[in-house]
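The structure appears right after this line, and notes come after that.
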Amino acid sequence: MRYALAASAILGVVAAAPQMINIEAALAVPTPTILGPAITATEPAAVSYNPTSAASAVAEVVQSEGVIEKRDVPSACGTALPGGTGPFPASGTADSDYTAAGNSLRLIAQQAATPSGYDQSFVDQLGSSQQVGYLTYKILDSYDPSLCSAACDAEKFCLGFNIYFERDPKYNPQEGCANPEAVTNIKCSLYGYNVAKAAATNQGQWRGPQDANGQAFHVVITGSNGYSKQGKTLPTIPDFESPTSLPAAINAPLDGGYDTYTGMRLFNNNPYDPSLCAAACEAQTTYDVNHPASDERYSSGTYCSFYTRTWDSTYAVNTGYYYGNDVYKVRNSASYPIGNPTPPKMPSTP
């Protein structure tokens, strides 16, 4: 049994024919714990995603499963935190100055140019992105989306970014340093999927103990813009033929009376990476050879659909749909016909 696969990214917060996108199964996949840069982070971290180990883990899974306390504190704060090179709102440094309509920072965001090769996904939001596919973040010296796009272009798996102003403490808020003075950081967070306005929900937090006036430090987000890549270069995958970019996900007809659709997998703890689908496809082939299945199959990021044969782009008609009050859209769909890999070992006859 040999499989072809189709990989696509699903965006949105889309009734279902047998091979329509399995939303129940997709929603059942746990949401990753890291959806964006931590508010307390002071140094950017390197991208930790490793496609080789991720693909290995995918294959293994498929094979095995088929209020703040008030305190009066002194003012010694110690060493200043790194960063803080961004401008203040012209009206001042209070948290309300950052969110006020028409303040100088929000005007900068509204007037920012969209980088070449990107579409603007949202503009001047009061929250930063929290969504699957988070890779890393950078601290910029100026609010310039082209600097952020350059950082995204330098990351193999980056498909979108979020640039924003963040009101941060100059010193770590703690005992002896309650509600310290504020600085502004310009942050650029990178994602392995296109970014969406609906995910710009991180509106900051309160940090550390309260000062003598009952105030803790308030981290604030403002001027948050999101941009998504217009296209994606599809990688080649060993044992599979060159990929074909598709306008939508495949809805395949019956082939000689038989259903060629065999199931799906959703991977949302990784960036968009068709090699995960390939690893799952090959593992599914081996699994099915060793575990003959009934005619009825149920399977529960990157959405992978598996087929026993290839289908051309005329069958790529599933652009998304409504599911309840939510809309799901298909992006970056591609098909990978399997090549000539080493065939799976057949089970021995007793």
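Are any residues in segment 228-252 within 26 Å of L190 (Cβ to Cβ), out of contact with any strand residue (DSSP E or B) (no Cβ under 8 Å at 6 or more places or on another chain) and of a type in the set (S, T, Y), and if so, which ones? Residues satisfying the conditions are T233, T236.
I need the full set of residues from segment 163-196 which are of a type in the set (K, R) and either at pLDDT below 95 or within 30 Å of Y118 (Cα to Cα) (or both), in order please.
Step one: filter segment 163-196 for residues of a type in the set (K, R), giving 167, 170, 187.
Within segment 163-196, R167, K187 qualify.
I need the full set of residues from segment 257-300 which are part of a loop (DSSP other than H, G, I, E, B) and modelled with pLDDT under 70, in order please.
Step one: of segment 257-300, the residues part of a loop (DSSP other than H, G, I, E, B) are 257, 259-260, 268-273, 291-300.
Passing the criteria: N268, P271, H291, P292, A293, S294, D295, E296, R297, Y298, S299, S300.
Each row is one residue, and each column tells you yes or no for (1) farther than 27 Å from G86 by Cβ; (2) under 30 Å from the mean Cα position of the chain (by Cα); (3) in the same structural domain as A38 (by TED's automatic domain parsing).
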| site | (1), (2), (3) |
| --- | --- |
| N162 | no, yes, no |
| P169 | no, yes, no |
| N172 | no, yes, no |
| G176 | no, no, no |
| P180 | no, no, no |
| Q210 | no, no, no |
| T236 | yes, yes, yes |
| L254 | yes, no, yes |
| G257 | yes, no, yes |
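When segment 172-204 is filtered for residues that are under 26 Å from T93 (Cα atoms) and of a type in the set (K, R), only K187 remains. Taken as a whole, the condition of being in a loop (DSSP other than H, G, I, E, B), modelled with pLDDT of 75 or more and either more than 20 Å from T31 (Cα to Cα) or among the basic types (K, R) (or both) applies to R309. Can you tell me which residues in segment 197-256 are basic (K, R), at pLDDT 80 or above and under 19 Å from F161 (Cα atoms)? Result: K197, K229. Residues that are closer than 30 Å to D211 by Cβ, out of contact with any Asp or Glu (no Cβ under 9 Å at 6 or more places or on another chain) and surrounded by 22 or more Cβ atoms within 10 Å (Cβ to Cβ) do occur in segment 153-165.
Yes/no per residue for (1) at pLDDT below 95; (2) basic (K, R); (3) surrounded by 14 or more Cβ atoms within 10 Å (Cβ to Cβ):
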site	(1), (2), (3)
I39	yes, no, yes
E43	yes, no, no
A46	yes, no, no
P82	yes, no, no
D97	no, no, yes
Q110	no, no, no
Y118	no, no, yes
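The values are calculated or read from the model by the stated rules, or taken from the named source; none is laboratory data. All values reported here derive from a predicted model rather than from experimental measurement. Every residue, glycine among them, receives a Cβ derived from its backbone with ideal geometry; neighbour counts consider all protein chains shown.
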